[in-house]
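Q: I am attaching a structure below and will ask some questions about it afterwards.
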Amino acid sequence: MKIAPSILSADLMNMGRDVKAISDAGADLIHVDIMDGHFVSNITFGMGIIKSLKETTDVPLDVHLMIDHPEPYLKDAVEFGADMVLIHAEATPHIHGAIQTIHNLGAKAGVVINPGTSVESILPILPIVDQVLVMTVNPGFGGQKFIKEMANKIAHLDQLRQTNSNCNFEIEVDGGVDDKTIKYCLDAGADVFVAGSYVFGGDIKQRIDSLRIG
Ligand code: DX5
Ligand code: ZN
């Protein structure tokens, strides 16, 4: 399993300190939530955060773009140092082409589905993605309640990759993940676990360790 703390819940005035803390605590990835105020009703960091993070840590960057029509931002995201770029299926009518663009730029590419989006709607692109991120809250804010029913989507995706040799994606979950809710995701077959408010809501090392036990 891979743990990806989300710096959405870090202390903005102490970002360097918090990034060092999660890196030292053994985070497998750093999850970076970039929001545009359109696709979701919140605004976070610009693309420049990716560059600053890359200069600060060796932990791979898992960049979650909550941006309508993300195409114009993909080049900067990859050139600034994103290892994985995640774009929403709902954010562009050209999701297949946008995934190809990320690959051509030299990064891994993932598709994200909101709670109201079905697995069926992304079937045609499953063979070309490195990751599928199943949102377990409606995106936009940290600290929301985990939507348990999303475990069915995780299990469906797990079954699809086991029965289709052309599918090699990892399954990631994001939203409301803590030491208890992580069990539903693990049992259903998820591999990568994003956690924001839980990781930063206490002793960072202890919280990350408790997710691994969970
Ligand atoms: C929500 C973001 C998440 C967020 C998760 O829209 O995509 O990555 O940071 O926060 P928690 O873990 O607090 O639900
Ligand atoms: Zn996220």
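Q: For segment 120-214, how big is the tail of P(r) above 19 Å, as a whole percent of Cα pairs?
A: 41
Q: Grab the beta carbon distance between residue 159 and residue 69, set R0 = 30 Å, and tell me the FRET efficiency rounded to 0.05.
A: 0.40
Q: For the chain, what number results from the quotient of the Cα radius of gyration and 2.2 N^0.38 Å?
A: On the way: Rg = 15.8 Å, N = 214, 2.2 N^0.38 = 16.9 Å.
Its radius of gyration relative to the 2.2 N^0.38 Å reference: 0.93.
Q: Using 0.36 nm per residue of separation minus the Cα-Cα distance, give me the extension gain between residue 166 and residue 13 in nm, one decimal. Intermediate values should be presented prior to the final figure.
A: Details: separation 153, 0.36 × 153 = 55.08 nm, distance 4.46 nm.
Going from the current span to full extension adds 50.6 nm.
Q: Amide H to amide H under 5 Å from residue 195: which residues, 5+ apart in sequence or cross-chain, H placed 1.01 Å off N in plane?
A: 4, 6
Q: A 30 angstrom limit on the alpha carbon distance is what I want to check against. Which of 51/180; 2/145; 2/54; 108/183; 108/153 exceed it?
A: 51/180
Q: So what is the calculated 222 nm ellipticity per residue for the chain, using -39500 (n - 2.57) for each DSSP H run with n of 4 or more, over all residues, to the nearest 500 deg cm²/dmol?
A: Mean residue ellipticity, 222 nm, calculated: -9500 deg cm²/dmol.
Readers should treat all values here as calculations from the given coordinates under stated rules, not as data from a laboratory. What you see is a predicted model; the values in this text were computed from it and never measured. All Cβ positions, even for glycine, are placed from backbone atoms using ideal geometry, and neighbour counts span all protein chains on display.
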